[in-house]
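Written below as structure tokens is the structure these notes are about.
The values are calculated or read from the model by the stated rules, or taken from the named source; none is laboratory data. These numbers come from a predicted model, not from an experiment. Every residue, glycine as well, gets a Cβ built from its backbone with ideal geometry; the counts of neighbours run over all protein chains shown.
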């Protein structure tokens with residue numbers, strides 16, 4: 001006769017077997033090898049102007065150290081990170097010597113957090129601002145390997161070592177075709193600094209961010225380091241038009257543009273029957289802006305009929321505001337018995353409602369990043385939103401069925417046990 005102990009053990013074994021059968025199988029040995037190791041070098045301005053006490057009641061240097069310590073605690077495991085300084089050692093007035101004052105504070109490689117923090121703690125604002133030489137040194141530090149390479153430059157002023165133009169240095173680095181991106185952050189920058197740092201970033205497909213507070217610095221540096229660990233496709237420049245008829249035709253990819261405050265720009269994408277258009281746009285507030293703003297991404301036909309739109313509103317200063325949309329085009333039969341039905345041209349309108357205080361320059365426009373993906377649509381006629389859950393549906397359904405089956409089995413076994421007990 002089956003005892004209660006044996007019955008319980010049997011049910012547990014059955015449920016365990018069902019759970020194991022339904023869980024995804026582990027990765028096999030034949031899967032692709034791990035991705036190449038990304039490298040990042042944080043390049044910090046330690047010139048005399050970093051003594052100014054105007055960031056959250058502390059000096060710019062103290063704010064940078066605080067941000068660095070928090071970023072170092074959160075560096076992804078697979079990122080090799082180094083630190084380079086500029087203007088950190090020479091106290092004198094000799095321009096020729098001061099413009100060579102850049103050195104690697106911590107070598108690019110596996111991160112020892114304690115050692116890196118100790119090195120940062122020794123820094124004190126000192127000398128010149130040789131941005132060009134520092135970029136050349138950082139590019140040399142990052143040589144080798146197939147992974148993403150990124151320089152994150154943090155400075156509170158423009159280069160003081162002309163005629164070596166740091167913007168031209170960035171262009172020369174980009175021309176080498178080594179896939180190195182330079183992102184720049186300006187601490188309370190003036191117009192000249194903002195212009196120079198924007199030029200450096202744009203030359204290599206990087207980003208420029210104006211920083212007013214310690215938290216902004218910490219969050220942005222952390223975001224850029226994390227981006228190196230999970231790199232995206234290098235954006236391609238695309239200049240939007242004032243109307244759809246003259247708009248550039250885009251395919252799947254990542255694109256950059258600049259849009260004036262309150263401007264609307266148009267782009268075109270071809271979508272065939274059975275395909276789905278997925279688009280998203282991000283507009284970066286890279287300078288002080290007025291409160292209450294938004295971004296619009298709108299898809300319409302070439303005749304002006306709106307298909308779908310996405311919009312997002314914001315209040316107060318943020319780094320980026322984004323919106324997105326999806327448009328699945330239904331399958332149709334090809335005319336005249338052809339193999340493929342013609343594609344539909346979808347007009348994408350990107351607009352913003354940013355405005356700026358009178359003291360803030362509005363030229364150049366705000367950085368825009370537009371992601372386009374045209375993929376095969378869902379084959380079962382399901383809604384596009386649910387299709388986005390991907391393979392998660394089968395797992396949820398399987399677990400639900402397993403729970404139902406286990407419940408029915410447990411109920412039947414319980415009734416059978418009661419019947420046996422009464423019989424005995």
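How many of the residues making up region 265-312 are touching a strand residue (DSSP E or B) at 6+ places or on another chain (Cβ under 6 Å), in contact (Cβ under 8 Å) with a residue 40 or more places away in the chain and more than 15 Å from residue 344 (Cα to Cα)? Qualifying residue count for the region: 16. Go through region 209-219 and count every residue that is touching a helix residue (DSSP H, G or I) at 6+ places or on another chain (Cβ under 7 Å) and farther than 16 Å from residue 41 by Cα. Going through region 209-219 one residue at a time, the tally reaches 4. Residues that are under 19 Å from residue 153 (Cβ atoms) number at least 2 in the following helices (runs of 4 or more DSSP H) confined to region 29-126: 60-73, 113-121.
Going by the structure shown, is residue 98 at pLDDT below 95 and in contact with a strand residue (DSSP E or B) (Cβ under 9 Å, 6 or more places away or on another chain)? So residue 98 does not fit the description; no.
Restricting attention to region 303-324 and to residues that are modelled with pLDDT of 90 or more and either surrounded by 13 or more Cβ atoms within 10 Å (Cβ to Cβ) or not in a loop (DSSP other than H, G, I, E, B) (or both), the residue that is nearest to the chain's Cα centre (by Cα) turns out to be 309. Criterion applied to 145, 132 was being touching a residue at least 60 places away in the same chain (Cβ under 8 Å), farther than 17 Å from residue 61 by Cβ and in the same structural domain as residue 106 (by TED's automatic domain parsing), and the one residue passing it is 145.
Scanning region 82-110 for residues that are within 25 Å of residue 144 (Cβ to Cβ) and touching a helix residue (DSSP H, G or I) at 6+ places or on another chain (Cβ under 7 Å) gives 82, 83, 84, 86, 100, 102, 104, 105, 106, 108. For region 257-264, does any single residue satisfy the condition of being without any contact (Cβ under 8 Å) to a residue 24 or more places away in the chain and within 19 Å of residue 320 (Cβ to Cβ)? No, that holds for no residue.
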